[in-house]
Every structure is written in structure tokens, then in C-alpha cells.
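What follows is one structure encoded as C-alpha cells, with my remarks underneath.
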Amino acid sequence: MLALVGWRYAHSTSAPVVRYQSAALDHGPLAAKVTASGTVSAIVTVQVGSQVSGRIEAWYADFNTPVKKGQLIAQIEPSLFKAAVEQARANYEAAKAGYDKAIANRSLAERSYARALALFGQNLAAVADVDAAEASAGASRADVESGAAAIQQARAALDQAQLNLSYTRILSPIGGIVISRNIDVGQTVAASFQAPTLFTIAQDLTKMEVDTNVAEGDVGKIHEKMDATFTVDAFPTRTFHGVVRQVRDNATTLQNVVTYDAVIDVDNSDVALRPTMTANVTFVYATEADVVRVPNAALRFKPDPATVAVMTAGAGTSAAQDDLAVDQRVLWTLTGSRAASHVVRVGITDGMLTQLTEGDVRAGDRVVSEAIVAGANAKKGP
């Protein structure tokens, strides 16, 4: 690491005093990183609700309870639903009886119509009698069709009542661990507008994911199958590892800040991580084993013309900032009490240190990160 030094002074009885803050360039490894915060969660989490309203009669799964798919985890008091099933069954039986009656009436009406036609052929029946018998036969046929439809309608109502009764048994849709239970015995749940959440079940806590909020300026550096590390407040000295599964295109905007969700798969075999923990994530997108490193504060140092004149004792000027390429910076080095500017090229950065790839500076040179000009009689001090 770079060792910062204290203030350096240029002493003169007739010239202004320049106070410097400087550091030495050094060699070492460098890793370019993107940091983000995120939330730990199970890969599959299901909110179990109720499709019918009623009073909770019993529950059979509590917090942290392992459950299997199809296991009964709660019971809604079923009396009203059982009564509805019996009523629907009675209506269904009545519809079947009505259908049988309509068939019998149709048979009688068709025989009456046949007799009327026979009598009419022997001039023993009037036309009006034949027309009446024909109309009665047609009406009886329609009654049969209506009866068949009534049976289907009653059967559907019975099926619905039986389905509603089955919904009073709350079953686990997946196997996993109960994360939360939001009900108690005697509590009434209302499913009129929206299914209430009774339980939250995580499928497998040995495989977790971290949803991170990556700033839009950094999202281009993140890609699938990229390694990531993170820490959580519960284990501040432990580093967890994961792999980026997906960088989602759906952006989130909060207070004009745009972020993207980078999803990280994490092996949680020891079940140390728990849902909703806050993760401090680091993505390393470039590394160098041994480079010349400069503090970022020195690259940000841009003295005004008056300060430059004092720093160089009128012997030089600063390089023009507008003529620099994207990867070029102006770096000030310090020799004794004199400073000089250099145009250098930079590479990757970790936010505090930056790689120098080109320039007439080397490891061990002192670089200026701050310069303050004071009067000749200014009080010396840090």
C-alpha cells in the first residue's frame, strides 16, 4: 500500500509558501471491482394463500418447520362448506328427477300425437286436436333438453361446492421450509378480493440467490458466469462466494437512480445464510498481478494557474487537460520543493488506486495530491 506523508513546505522569506500532501508510487497487485448491495433469498419462495374465506380451525406448520408437497398445514372451519355441498347435491338429485319426469312426459306426448294422427286419417279427429298433440309433443321434447341442461348446471354447482370444501384444507404446494406463518387459530381470513398470505415456504435453503442492485454505470462490467464475493452483517469476517446467473434487463428507478438486478447463485450447504439478509457484493472484472499504482487523489489533483506558478517557481506550466485522451491524466510529481507535471496513461482502478500503464514516472516517485499556497509569513503547520 502507499504510504502518505505529512505536509511538505517550501520555505522562502520573499516568496509564497506551498504546502504539499504527497504519496509515493509503488508496485503491487490491483483488482478492478464493482460493488453493490443486495438481498439474500431462496431461489424458489411460495406464498401460500386461501381461495375461500373462513375461520382458521387449526394450523399444523410453524416457523422453520420442514414440510412436504401436499402436506396439510392449516384447516379452515368447514361447516358452511359442507352444508353447501349437501345443498348442491340435493339440487343435483332434484334435477335428475326432473329430467326423468320430462322423459316420461315426452313419451306420453309422442304417443298422444301418434294417436291423433291416426284418428285424423280416419276422419275421427279434428285438425285442432292434431295441432294440439303436435305442440304438446314438441314442448315435451324441449322439457327433456331443459332437464338435461339443469342436470349439468346442478352437477357443476355440486363440483364447485366440493372444490370450495377441499380448499378449506390448506396444503403445501412444494416441499421446503416454512419461513413465515401469518395466521392463528380463530383468525378469520377473507378471500373476497385477494387471496390472503397464510404461509411463506422456501423450497430449498441449501441453494440461495442474491439479488443485487448494480448501478447503470457499472452494469456493462457484469456478465453471466462471473465470480462474485459478498459478506453479510451476521458473519462480518466470512467471505461467501457465488456465480452470476443472470443480469436482468428490467431496470429499477428510485429517486432518479437507475439500477439493474444481477442475480447470483450461492451454495448454502451449511445453511449459514438466511432469507432477507443484506449482502455487500463485490464483482472483480479485471486483475493485474504487478503494476505501478498511483492514488486516485493524485490523479484528481488539478491546481489553478496561480498555484502552478508557485509550485514550479515560474519554470513550467501544467499540461492542457482538454488535449488528453480518454485514458490519459495529468500527474504532478514532487522533487524537493519543486513540482512538475507529467502526462500518463492509466489502466484499471479499484476505486482508491489506479494502474499506470505509460508515462515518465516510476515506482518510488512522490506524487502530489494536494497543494495549498499561503503567504510568505504564513504560520507553518499541517
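Read-outs: derived from the displayed coordinates by stated rules, not from any lab. Note that the coordinates shown come from a computational prediction; the quantities given were computed from them, not determined experimentally. Positions of Cβ are backbone-derived with ideal geometry, glycine not excepted, and every protein chain shown enters the neighbour counts.
For the reader, a short list of remarks on this structure follows.
- Share of pairwise Cα-Cα distances greater than 22 Å in the range 132-252 is 69 percent (whole percent).
- In the range 79-166, a dipole from Cβ-located charges (positive for Lys and Arg, negative for Asp and Glu) runs towards its positive end, and of F120, A84, A94 it is A84 whose Cα lies farthest in that direction.
- With Cα atoms, 0 to 90° folded angle of helix 127-166 axis to the chain main axis: 40
- For the range 79-166, averaging the sequence separation of C-alpha pairs within contact (under 8 Å, six or more residues apart) and dividing by the residue count gives a relative contact order of 52 percent.
- Relative to its residue count, the range 79-166 spans a Cα convex hull of 60 Å³ per residue.
- Options S180, F199, V368, ranked by Cα towards positive dipole end of the chain, top entry (Cβ charges): V368
- A straight chain from A272 to A104 at 0.36 nm per residue would run longer than the Cα-Cα distance by 53.1 nm.
- Within the range 203-235, GluC sites (Glu not before Pro) in DSSP loop having at most 16 other beta-carbon neighbours inside 10 Å: E216, E224
- Top positive-direction residue, dipole computed over the chain with Cβ charges, set I103, A190, Q160: A190
- Total lysine pairs whose alpha carbons fall under 30 Å of each other in the chain (8 or more apart, or interchain): 15
- Under a model in which nothing but the beta-carbon of Lys, Arg (+1) and Asp, Glu (-1) is charged, the range 79-166 shows a dipole of about 260 debye around its Cα centre.
- Using the Cβ-Cβ distance between K207 and E288 with R0 = 30 Å, the FRET efficiency computed as 1/(1 + (r/R0)^6) comes to roughly 0.35.
- Rounded to the nearest 20 debye, dipole of the chain from Cβ charges on Lys, Arg, Asp, Glu: 840
- In percent, rounded to a whole number, the relative contact order of the chain is 28, using alpha-carbon pairs under 8 Å and six or more apart.
- P(r) tail fraction, the chain - alpha-carbon pairs more than 37 Å apart, %: 59
- Once the Cα atoms are used to define both axes, helix 79-121 deviates from the longest principal axis of the chain by about 40 degrees.
- The calculated 222 nm mean residue ellipticity attributable to helices in the chain amounts to -9000 deg cm²/dmol, summing -39500 (n - 2.57) over DSSP H runs of n ≥ 4 and dividing by all residues.
- Net lengthening on full extension, E370/N250 (0.36 nm per residue, minus Cα-Cα): 39.0 nm
- Under the combined filter of DSSP loop state and at most 13 neighbouring Cβ atoms within 10 Å, the range 44-105 retains these trypsin sites (Lys or Arg not before Pro): K68, K69.
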